[in-house]
Amino acid sequence: MIGLSLLGIIFLGIIGVVLFMTFSPQFGSSLSKEQKAAFSQLQNFKNGKFQNQQPSPMDMDFRKVFKEMVNKSPYRKPHENIAVQKIDSASISSLNAETTRLTWFGHATFLLEMDGKKILIDPMLSKSPSPVSFAGSKRFSDEIPIEASNLPFIDAVILSHDHYDHLDYKTIKQLKNKVGQFYAPLGVGNHLESWGVDASIIYELNWGDSIQHDHINLVCAPARHFSGRGFFDRATTLWCSWIIQGKKDNIFFSGDSGYGIHYKEIGDQYGPFDISLLECGQYNENWKHLHMMPEGTAQAAVDLKSKLMMPIHWGAFTLAFHDWADPVERALAKAKELNMPITTPEIGEPVVLGEKYFPNEKWWTKYIIQ
């Protein structure tokens, strides 16, 4: 009798989770039949799912995962709250239109100011990259450089894919009425529309597509990853990297991606790049084809013919089992070996392209337990 009651509770719990994920708005919206039919004509969409250019298996060896969970390192997060450099709306609005400035919010979020335009890249401004605020890894810093409510009008938001640490429901709801256009890979616009973004300002692109935002050219380029916000929608929307070409500066943003042939292909076709913003953290040998190991990050910068690289996708959350500062340390070591210039700004510290010197302090060392 007790066993039957326990099974009943488990069954009801499963039903509750499924219903929550089906009807709660933060999970977004699924593809329509018409979209699936249209996508089925694309080379990178087969059997109802988008495909990577190269086979990209994820080895979920649960024995290894359990071992990593049990042998938890004390260095998986900073030993104290990370301080960030604050910016204000006035400083954003007053920037000279000839200046290209990047401000990192930690992880993969950036404010890009280029040719007089203000562009947010993968804005995740919440405390936790999770569909519910009480679950998931918490941000290492109590603050971010500027709150969404204090941002001025944003000309464009660029999205790489629909995972929670890159596409955040709460952030989009806060921003949607102060953004000119949204640019996203195929299918991601469904989420935005379901959250109240006007369909007329959403532009979806496939790999190889380009679009002009005023005089800035945006190119949707391949990445080696996957997508999905629920149990049953893996790879049903596209993931991508972005090439952002201004009047004088050429920027590459990797989104999430394992190392692959696409970096050299992009470098040959669109390089050289003035700076490449490249994923280096939240990696694991089990999923190295889907998230770059830090050594691959530096090699990708070389493949892209980049003049400068910045390691991203670290510094804000713990989403893997490695020590929190390992990604940047390993990327730095490999970049030095490959003679690749690297910048490592603090969260909120501006990187201004064209300047002779770039931020390169090892600021994270003061947050590591000695």
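The values are calculated or read from the model by the stated rules, or taken from the named source; none is laboratory data. The structure presented is a predicted model; accordingly, all values stated were derived computationally and were not measured. Counting neighbours? That spans all protein chains shown, and the Cβs are built from the backbone with ideal geometry, glycine included. All accessible areas refer to the heavy atoms of the entire protein, side chains included, with ligands and DNA or RNA removed. Shrake-Rupley method; radii C 1.70, N 1.55, O 1.52, S 1.80 Å.
Listed by first and then second residue, the pairs linking a residue in segment 192-212 that is closer than 23 Å to PHE45 by Cα and aromatic (Phe, Trp, Tyr) to a residue that is assigned to a loop (DSSP other than H, G, I, E, B) and at pLDDT 95 or above, with Cβ atoms under 8 Å apart and 6 or more places separating them unless they lie on different chains, are TRP207/ASN44; TRP207/PRO222; TRP207/LEU238; TRP207/CYS240.
In the set GLY267, GLY271, GLY228, only one residue is free of Cβ contacts under 8 Å to residues at least 60 places away in the same chain and open to solvent by 10 Å² or more (accessible area, probe 1.4 Å); that residue is GLY271. Residues in segment 265-275 include none that are closer than 21 Å to HIS107 by Cβ and under 15 Å from the mean Cα position of the chain (by Cα).
Taking segment 161-200, which residues are among the small types (Gly, Ala, Ser), within 25 Å of ASN217 (Cα to Cα) and in a helix (DSSP H, G or I)?
Correct list: GLY189, ALA199, SER200.
Within segment 201-214, if we keep just the residues that are in a strand (DSSP E or B) and polar (S, T, N, Q), the residue that is farthest from LYS33 (Cα to Cα) turns out to be GLN212.
Residues VAL351, VAL302: which one is touching a Pro at 6+ places or on another chain (Cβ under 8 Å), of a type in the set (A, V, I, L, M, F, W, C) and surrounded by 18 or more Cβ atoms within 10 Å (Cβ to Cβ)? If you could, list the steps in order and put the result at the bottom.
On the way: VAL302 fails: touching a Pro at 6+ places or on another chain (Cβ under 8 Å).
Answer to the check: VAL351.
Would you pick out the residues in segment 289-326 that are among the polar types (S, T, N, Q) and either within 23 Å of PRO145 (Cα to Cα) or in contact (Cβ under 8 Å) with a residue 40 or more places away in the chain (or both)?
From segment 289-326, those among the polar types (S, T, N, Q) are 297, 299, 306, 318; that's our starting set.
Those that are among the polar types (S, T, N, Q) and either within 23 Å of PRO145 (Cα to Cα) or in contact (Cβ under 8 Å) with a residue 40 or more places away in the chain (or both): GLN299, SER306, THR318.
Going through TYR203, TYR164 one at a time, which residue ends up being modelled with pLDDT of 95 or more, under 16 Å from the mean Cα position of the chain (by Cα) and open to solvent by 30 Å² or more (accessible area, probe 1.4 Å)?
Working: TYR203 fails: under 16 Å from the mean Cα position of the chain (by Cα).
That would be TYR164, the only listed residue that is modelled with pLDDT of 95 or more, under 16 Å from the mean Cα position of the chain (by Cα) and open to solvent by 30 Å² or more (accessible area, probe 1.4 Å).
Which residues, counting only those in segment 321-332, are closer than 20 Å to ALA135 by Cβ and crowded, with 20+ Cβ neighbours inside 10 Å? Matches in segment 321-332: TRP324 only.
Residue check: is GLY196 crowded, with 17+ Cβ neighbours inside 10 Å and more than 16 Å from the chain's Cα centre (by Cα)? Step through it out loud before you land on a result.
Details: crowded, with 17+ Cβ neighbours inside 10 Å: no; more than 16 Å from the chain's Cα centre (by Cα): yes.
Against the criterion (crowded, with 17+ Cβ neighbours inside 10 Å and more than 16 Å from the chain's Cα centre (by Cα)), GLY196 does not qualify.
For the residues THR297, THR365, the requirement of being assigned to a helix (DSSP H, G or I), within 21 Å of PHE140 (Cβ to Cβ), polar (S, T, N, Q) and out of contact with any Asp or Glu (no Cβ under 8 Å at 6 or more places or on another chain) singles out THR365. When segment 86-95 is filtered for residues that are in a helix (DSSP H, G or I) and either open to solvent by 50 Å² or more (accessible area, probe 1.4 Å) or modelled with pLDDT of 95 or more (or both), the ones remaining, listed by number, are ALA90, SER93. Where the second residue is surrounded by 14 or more Cβ atoms within 10 Å (Cβ to Cβ) and aromatic (Phe, Trp, Tyr) and the first is in contact (Cβ under 8 Å) with a residue 12 or more places away in the chain and assigned to a helix (DSSP H, G or I) and lies in segment 24-48, which pairs have Cβ atoms under 7 Å and are six or more apart or on separate chains? Pairs that qualify, where the first residue is in contact (Cβ under 8 Å) with a residue 12 or more places away in the chain and assigned to a helix (DSSP H, G or I) and the partner is surrounded by 14 or more Cβ atoms within 10 Å (Cβ to Cβ) and aromatic (Phe, Trp, Tyr), are PRO25/TYR169; PRO25/TRP195; GLN26/TYR169; PHE39/PHE45. Applying the criterion of at least 1 residues that are out of contact with any His (no Cβ under 9 Å at 6 or more places or on another chain), closer than 23 Å to LYS46 by Cβ and modelled with pLDDT of 95 or more to the strands (runs of 3 or more DSSP E) found wholly in segment 215-265 leaves 216-221.
Among the candidates LEU102, LEU120, LEU112, LEU125, the residue that is in contact (Cβ under 8 Å) with a residue 60 or more places away in the chain, of a type outside the set (D, E, K, R), on the phi < 0 side of the Ramachandran plot and touching a Ser or Thr at 6+ places or on another chain (Cβ under 8 Å) is uniquely LEU112.
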